[in-house]
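Since the structure comes first, as structure tokens, the remarks are kept for the end.
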Amino acid sequence: MQESVKREGQDEIEASKAPLIEHLIELRQRLIYALIGVGIGFVICFAFATDIYNLLVWPYQVARGEGQKIEMIYTAPHEFFFTKLKLALFGAVFLAFPLIALQLYKFVAPGLYKNERQAFRPYLLWTFILFIAGAAVVYFVVMPLAMKFFLSMEQTGGPVEIHLQARVSEYLSLIMTLIIGFGIMFQLPVVLTLLAQAGIIGAQNLRDFRRYAIVAITAAAGILSPPDPFSMIAMAAPTILLYEAAIVAVARVEKARLEREAAQQASSE
């Protein structure tokens, strides 16, 4: 029997093997770099926390109407301070994400074959791009629709006047939850194509599972979005479209993987 040909980059992996303690030291170093990035981002975001918060209130302003005064309250002396801390931490992780992704890649790269490293790099970029896309959908579409729905419940001109006086902490929690929820949902193509790269799923599997996926996406949108139909549809519809796009991407990945495996098998004969 002919000796099987080593996969490309296998010698490099063998040379990079290290004891467990060295891996732990490397992990600690990567975490330190990531935390330094988050710390720098935190300082920057906290310095501009009020401006960032005012920017996040724009969807509320759109829902209320141009020229209408927005009044928000906080009911504890420390509430707005802690709200700015939470906002600064959220913004810091957002700003430091490229550095965090780079440190993650540098930690796992030595254990990957050369072709696997080349395939892994684009996913780091697409993860960030899709998260940005999800945040943009929240900011420009979902949040204005949700606030219009909530403001429609105000009662004026009757025996009882009921007006929305939003708390600064609760408004921030709402928009942050939506951004995180949409950001996670928009990672669907990345997850599916990674599974396709590993040979776990194929395009036909996704096509057969389509009806169940639509039900699951709709249920997840109902849980992660505010309790109004507009927000749920705004979350579910793009995610279903992303699922369809993932089928196309997985088909391309699957074809490329099969061609690569066939070429490797032919070269080993």
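Only the coordinates and a few stated rules stand behind these numbers; no lab work does. Just so you know, these numbers come straight off a predicted model, no measurement behind them. Here Cβ is always computed from backbone atoms with ideal geometry, including for glycine, and neighbour counts include all displayed protein chains.
Take region 70-165, compute every pairwise Cα distance, and split them into 10 Å bins from 0; I just need the percent in each bin. Over region 70-165, the share of Cα pairs per 10 Å bin runs 12, 24, 27, 18, 11, 6, 2, 0 percent.
Which loop trypsin sites (Lys or Arg not before Pro) in region 34-139, with loop taken from DSSP, have no more than 15 other Cβ atoms within 10 angstrom of their Cβ?
Values: sites: Arg64, Lys69, Lys84, Lys86, Lys106, Lys114, Arg117; in loops: Lys69.
Within region 34-139, the qualifying trypsin sites (Lys or Arg not before Pro) (loop, at most 15 other Cβ atoms within 10 Å) are Lys69.
Loop only by DSSP, 15 or fewer other Cβ within 10 Å of the Cβ. Give me the GluC sites (Glu not before Pro) in region 19-93 that pass, ordered by residue number.
Numbers: sites: Glu22, Glu26, Glu66, Glu71, Glu79; in loops: Glu66, Glu71.
Filter output for region 19-93: Glu66, Glu71.
Taken over the Cα atoms of region 176-248, the convex hull encloses 76 Å³ per residue. Using R0 = 35 Å, the C-beta based FRET efficiency linking Phe48 and Leu164 works out to 0.85. Using the Cβ-Cβ distance between Tyr74 and Gln155 with R0 = 25 Å, the FRET efficiency computed as 1/(1 + (r/R0)^6) comes to roughly 0.55.
When the Gaussian network model of the chain links Cα atoms closer than 10 Å, the mean-square fluctuations of Leu20, Leu172, Leu164 top out at Leu20. Label sites at Ile21 and Glu259, each approximated as a point 7 angstrom past Cα along Cα to Cβ, lie 4.8 nm apart. Here the chain is treated as an ellipsoid with the same Cα gyration tensor; its semi-axes, largest first and in whole Å, are 45, 26, 12.
Give, to the nearest whole percent, the P(r) tail of region 21-101 beyond 14 angstrom, counting all Cα pairs. Provide the component values of the computation, followed by the final result.
Values: 2269 of 3240 pairs.
So the pairs more than 14 Å apart make up 70 percent of the total in region 21-101.
Using only the alpha carbon atoms of region 109-262, find the Kirkwood hydrodynamic radius as the inverse mean reciprocal pair distance, in angstroms to one decimal.
Numbers: mean 1/r = 0.0566 Å⁻¹.
Kirkwood hydrodynamic radius for region 109-262: 17.7 Å.
Among Val253, Val57, Val43, the largest mean-square fluctuation in a Gaussian network model of the chain, built with springs joining Cα atoms closer than 10 Å, belongs to Val43. For the chain, adding -39500 (n - 2.57) for each run of n ≥ 4 DSSP H residues and dividing by the number of residues yields -25000 deg cm²/dmol at 222 nm.
Treating region 134-180 as a set of equal point scatterers at the Cα positions, no solvent, please give the Debye-formula log₁₀ I(q)/I(0) at q = 0.31 Å⁻¹. With no solvent term, the Cα-only Debye profile gives -1.14. Distance between Cα centroids, region 155-173 to region 200-268: provide it in whole Å. Spelled out, the Cα-based centre of one part sits 40 Å from the other.
Take the Cβ atoms of Ser267 and Arg121, set R0 to 35 Å, and the FRET efficiency comes out at 0.90.
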